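Worksheet for the structure shown next.
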Amino acid sequence: MTPKSRLHVPKAHARPGETPDFSYVQISPAGAVARPDINAPAADIADLANSMVRVLDEDHRAVGPWHPHLDAGELQIGLRHMLLTRLYDNRMQRMQRQGKISFYMRAYGEEAVSVAQCMALRPSDMLFPAYRNQGLQITRGRPLVVLMCQVLSNTRDMCKGRQLPVLYHWKEGNLFSQSGNLATQFPQAVGWAMAAAIKGEDRLAASWLGEGSTAEADFHYALLFAAVYQAPVILNVTNNQWAISTFQGFAGGEQRSFAARGNGYGVPGIRVDGNDFLATYAVTTWAAERARNGFGPTLIELVTYRGGAHSTSDDPSRYRPKDDYERWPLGDPIERLKQHLIRLGEWTEERHAQLAEELEAHVTDSWKEAITYGTMTDGPRLESGTMFEDVFKDMPEHLKIQQAQLRALRG
Amino acid sequence: MAIMNMLQALNSALDTMMARDPAVVLMGEDVGYFGGVFRVTEGLQRKYGEHRVLDSPIAEGGIVATAIGMGVHGLRPVAEIQFADYIYPAYDQIVSELARLRYRSAGEFYAPVTIRTPCGGGIRGGQTHSQSPEAVFAHVCGLKVVMPSNPYDAKGLLISAIEDDDPVVFLEPKRLYNGPFYGEPDQPAQPWNNHPKGEVPDGYYKVPIGYAEVAQEGSQVTIVTYGTMVHVAQAAARTAGIEAEIVDVRSIVPLDIHTIASSVRKTGRCIVVHEATGFGGFGGELVAQIQQDCFWHLEAPILRVAGWDTPYPHAFEWEYFPGPARIIAALKSVMEAS
Ligand SMILES: Cc1ncc(C[n+]2csc(CCOP(=O)(O)OP(=O)(O)O)c2C)c(N)n1
């Protein structure tokens, strides 16, 4: 036989009209994966990239060596932050539909990633978020009003109207300015961590990107530099299965897990159930301890699902089955933590309903305040001449002239 | 003939070329099953199969690099970069490789790659969905750069680009996808139906690369422009009551200075309008060449109207956009000079 090459084209597990089949998602039983010491060499723990760390079992118990033994109060805080993230997202999406804001992106279904990971880190750690990590802002205590003003591009917008909605920053909160260009911040986080190590600080950096974005060269720069300099950094891949219409197979997920990319560089890669709040918290704590104790970087793959549309400009019914999320085997992160707390006797459906009501009211109050500072259509607006500021530290003459021209034109 | 918007015209060009030439393959983020985020490639994967319309990993550098390899091996890849703002990861492959392959191999190797990418503002996209990087590519020797302003030209130029053995950066002003835009965002959107260039032949035809077009005849002043600004300039001149001749550059590289210069020699006055930032913009090249060819015919200095020299700010899209007010001010200024 003559050899014949063949072009392989990855297949989505299901397209509209087909039945979702998530058998491709390798799931380990809760408690099954061993927890290595933080100083374990990367080569000895390569298997962490192929299994899946899980703590919550089918009966909502916390089991196994990764059980982080958080007290009920902390779990309730985690639940609260996740729920607030979801309610905030839902409201902003509705406001976009009503024309109050131009664009929005929800973190629906993947709230545990930001909230659990942020709780596992220290406020002094520097975070380089992607656009679906609003939970980091919320967990670090950023008032919703501040976030809403950014989304509204209004007079209190931290970005002074320059960025698309959801591309926040928070200097004091150690949350870096978000870029609209995918993956660019992953290697920047490594550089930040290298600087922390050069200065001998007890701080680490963490960054996030989607599994689709791992295709960019920046992802590989990040792993290489992190490995070479053993930087105190946590590199997180939020594998929510979809990159707009493109299935994770097109990012290379058909061949190996995303966590396994770390192994090639000598960076431990660990795969975790990203909808399991406890497992996500525990894995992040482990990675943070490694970084803080001089054992270098960790790559974490958080397996989750993008429950909603990519953004308010997207219509997922064109490319995935309507019931895809219903059949997602790892469930909903909020529901799972809630059931765990109920099982512990530390929560009830009534308290949950009450909390939802309280948070919903908080969202409403925050929105009412935020719109007094202006919306796209009504109220006060930033002065447009401010667009010439911050291009440079000091405004060069040609921009001063343009600023004056704009102001004269506007009258 | 059919009425098409620019999306349909581009789709029709791709369809026409894929049917004619089995070497034509499409690639890009979300272009396959989904048909592209702007739906330019809709239906083509179903029609031509998964080996001719490839969904790509999110890696612009990888997309262009593999397109070069395919081009070298006899295919004619048409790569979509989802937004021009995201073309920079591919910059090295475009500038150091694609543009110079023919030159460095003394003509033995070349890659007939077309890179399609939506550009320009006007859709509330903020600084990362609004850029017009034509000058960045015009400055690279070995690349052809085109920007159509209407469905007829879009289809004809895209067919030319695909058939061209040199690499072409094909910039699509996304604000024009669904209709002409006259610079007034508060006015209801216009469809292409009422525009003569919304009439597009169904089959194969070419608009050759390298030719500008007089989009509107006039005697008092020449407006040299391209893309979205062709329509904005037309509306501005009408509002100002000035008989402007409007030259749609269409082909940025190679540049048709003859059509431009003969118009300027006729009118004696000229403004250059583009949406991209002014400083170091392509307008500078236009002005330099026009003054060289037309100096003794000019009644007034040539003025440029362009985006301000800042990133495209989300909240101030229309203050940034070089709209009718700024074009009218420039027109009046060159008309008053004597
Ligand atoms: C460099 C670059 N290329 C393309 C885009 C357009 N784009 C925005 S989001 C997206 C999909 C990203 O998917 P993924 O990384 O999986 O993250 P998710 O949206 O699933 O959270 C694409 C292609 C971009 N923003 N930047």
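The values are calculated or read from the model by the stated rules, or taken from the named source; none is laboratory data. What you see is a predicted model, and the numbers here were worked out from it, not measured in a lab. When we count neighbours, we look across all protein chains shown, and the Cβ atoms used for this are built from the backbone with ideal geometry, even at glycine. Accessible surface areas use protein heavy atoms only, side chains included; no ligands, DNA or RNA. Shrake-Rupley method; radii C 1.70, N 1.55, O 1.52, S 1.80 Å.
Here is how the numbers come out for the structure above:
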read-out	value
Cα-only radius of gyration and Dmax that characterise the protein assembly as shown, units Å	27.4, 90
Per-residue SASA entry for B:Y88, accessible area with 1.4 Å probe, Å² rounded to 10	90 Å²
Cross-link partners of A:K11 among lysines (Cα-Cα below 25 Å; sequence separation of 8 or more within a chain)	A:K322, B:K47
FRET efficiency, 1/(1 + (r/R0)^6) with R0 60 Å, evaluated for B:V214 and A:V9 via beta carbons	0.85
Cα→Cβ-extended label distance, 7 Å offset, between A:E335 and B:H51, nm	4.3 nm
Size descriptor, Kirkwood hydrodynamic radius, that averages inverse alpha-carbon separations across the range A:42-380, Å	20.1 Å
Relative contact order (percent, whole number), chain B, Cα cutoff 8 Å, 6+ residue spacing	16 percent
Percent breakdown of C-alpha pair distances by 5 Å bin, ordered from the shortest bin, for the range B:213-336	2, 12, 24, 26, 20, 10, 4, 1, 0
In Å², nearest 10: area of B:R304 left accessible to a 1.4 Å probe	120 Å²
Kirkwood Rh and Cα Rg combined as Rg over Rh, evaluated for the range A:304-378	1.10
Debye log10 I(q)/I(0) at q = 0.14, 0.17, 0.18, 0.25 Å⁻¹ for the range B:38-137, Cα point scatterers	-0.59, -0.83, -0.92, -1.36
Label zone at A:E254 (point 7 Å along Cα-to-Cβ), backbone N below 14 Å, the range B:1-37	B:33
Residue among A:V53, A:V63, A:V151 with the largest mean-square fluctuation in a Gaussian network model of chain A, springs linking Cα atoms under 10 Å	A:V63
Proximal aspartates and glutamates relative to A:K368, as straight alpha-carbon distance under 19 Å, when same-chain residues fewer than 8 apart are discounted	A:D89, A:D157, A:E357, A:E358, A:E360, A:D378
Local net charge near A:R292, Cβ-Cβ under 15 Å (Lys/Arg +1, Asp/Glu -1)	-1
Modelled label reach - B:I123, point 7 Å along Cα→Cβ, the range B:147-175 residues with backbone N closer than 14 Å	B:171-175
Restricting the range B:89-176 to GluC sites (Glu not before Pro) in coil, as DSSP defines it, with at most 14 other Cβ within 10 Å	B:E108
Kirkwood Rh in Å, taken over all unlike Cα pairs in the range A:221-362	17.4 Å
Principal-axis tilt of helix A:111-120 within chain A, Cα atoms, nearest 10 degrees	80 degrees
Accessible area that becomes buried as B packs against A, both chains, 1.4 Å probe, Å², nearest 100	3400 Å²
A:R80 accessible area, assembled protein chains, probe 1.4 Å, Å²	90 Å²
Label-zone membership for the range A:312-333, site A:E58, 7 angstrom Cα→C-beta point, backbone N under 15 Å	A:329-331
Under-5 Å amide H pairs with B:V24, H placed in peptide plane, nonlocal only	B:R76
Candidate lysines for bridging to A:K400, where Cα separation is under 21 Å - those fewer than 8 sequence places away on the same chain excluded	A:K160
Helix-derived mean residue ellipticity, 222 nm - over chain B, DSSP H n ≥ 4, -39500 (n - 2.57), to 500	-9500 deg cm²/dmol
Most mobile of A:Y131, A:Y88, A:Y221 in a GNM of chain A (Cα contacts under 10 Å)	A:Y221
Centre separation in Å (Cα based) which lies between the range A:235-275 and the range A:37-72	17 Å
B:D21-A:H362 pseudo-label distance in nm [points 7 Å out on the Cα-to-Cβ vector]	6.0 nm
Mean residue ellipticity (222 nm) of chain A, computed from DSSP H runs ≥ 4 via -39,500 (n - 2.57), nearest 500	-11500 deg cm²/dmol
